[in-house]
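**Student:** Please find one structure pasted underneath; my questions will follow.
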Amino acid sequence: MSLHEWGDLLLHQMKGTDALQWLAVILGVAEVLLAKSNKIWLYPTGIAGTLLSIYILLLAGLFAESLLNGYYVAMSIYGWWYWIKKKNQPPVEITYCTRREWIRVIWIVAGGFFLLFILLKYFTNSSVPVWDAWVSATAWAGMWLLAKRKIENWILLNISNLFAFPLLVYKKLPLFAALTLFLFVVAVFGYFEWRKIISQGKLSLV
């Protein structure tokens, strides 16, 4: 696909996108920006956007993607609770992964990839089960790390974004590919901002 064709497809898709889908995308962007700034409002914002996405995906018949977004909702609720569970104590600090947590990340990626591949390969008509399963499995691990306030969440999420971008272009979904590229850039800045927060010992729940 040439650059001109890609641009025409992007414009066509944007014109055909309804208000509900735009709202879901806007909430998704807001969630990432709030996460980048270490704001607790990332959780209610993300939950609202993901619930809208589940509804949209169900209407489109994308049941596997709806299940994945259901996981995002569950992890967001858990992350919200985990962040503020000690009401009268300092909020959960941003930290680096321990060796044990890295082992858990590997298990999440490997287990999630295997499970999603089986589901996509044998229970859907997906034409890219391996690629799609990998994108989702790495996103699973990234969401778990985000809930635990681990700086490495940005790394796992960007591994997912890195593979998701060409996948979305291949699937002729340039609007979502462009959004993924934006999220990739935000995640890069998010990583360095969180590293600065760790080095300075600054936390904020505003």
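The values are calculated or read from the model by the stated rules, or taken from the named source; none is laboratory data. No experiment lies behind these values; they were computed from the predicted model shown. Methodologically, a virtual Cβ is constructed for each residue, glycine included, from the backbone with ideal geometry; neighbour enumeration extends over all protein chains shown.
**Student:** Restricting the range 37-47 to residues that are buried (at least 18 other Cβ atoms within 10 Å of the Cβ) and either modelled with pLDDT under 85 or of a type in the set (A, V, I, L, M, F, W, C) (or both), which is farthest from the chain's Cα centre (by Cα)?
**Tutor:** ASN38
**Student:** Given the criterion crowded, with 22+ Cβ neighbours inside 10 Å, among the β-branched types (Val, Ile, Thr) and either modelled with pLDDT under 85 or more than 21 Å from ALA48 (Cα to Cα) (or both), identify the matching residue among VAL92, VAL130, VAL135.
**Tutor:** Working: VAL92 fails: crowded, with 22+ Cβ neighbours inside 10 Å; VAL130 fails: crowded, with 22+ Cβ neighbours inside 10 Å.
After ruling out the rest, the residue left standing is VAL135.
**Student:** Additional query: Hey, any hits in the range 3-13 for a residue that's at pLDDT 80 or above, of a type outside the set (Lys, Arg) and over 21 Å from ILE198 (Cβ atoms)?
**Tutor:** No: zero hits.
**Student:** Right, next: Just need a number here: residues in the range 133-174 that are touching a residue at least 40 places away in the same chain (Cβ under 8 Å) and either under 30 Å from TRP81 (Cβ atoms) or of a type in the set (Phe, Trp, Tyr) (or both).
**Tutor:** 16
**Student:** Which members of the range 89-130 meet the condition of being outside any helix (DSSP H, G or I) and of a type in the set (D, E, K, R)?
**Tutor:** Initial filter on the range 89-130 (outside any helix (DSSP H, G or I)): 89-98, 124-128.
The one that is outside any helix (DSSP H, G or I) and of a type in the set (D, E, K, R): GLU93.
**Student:** Kindly indicate the residue of the range 145-161 that is within 16 Å of ASN69 (Cβ to Cβ) and at pLDDT below 90 and also surrounded by the most Cβ atoms within 10 Å (Cβ to Cβ) among those meeting that condition.
**Tutor:** LEU146
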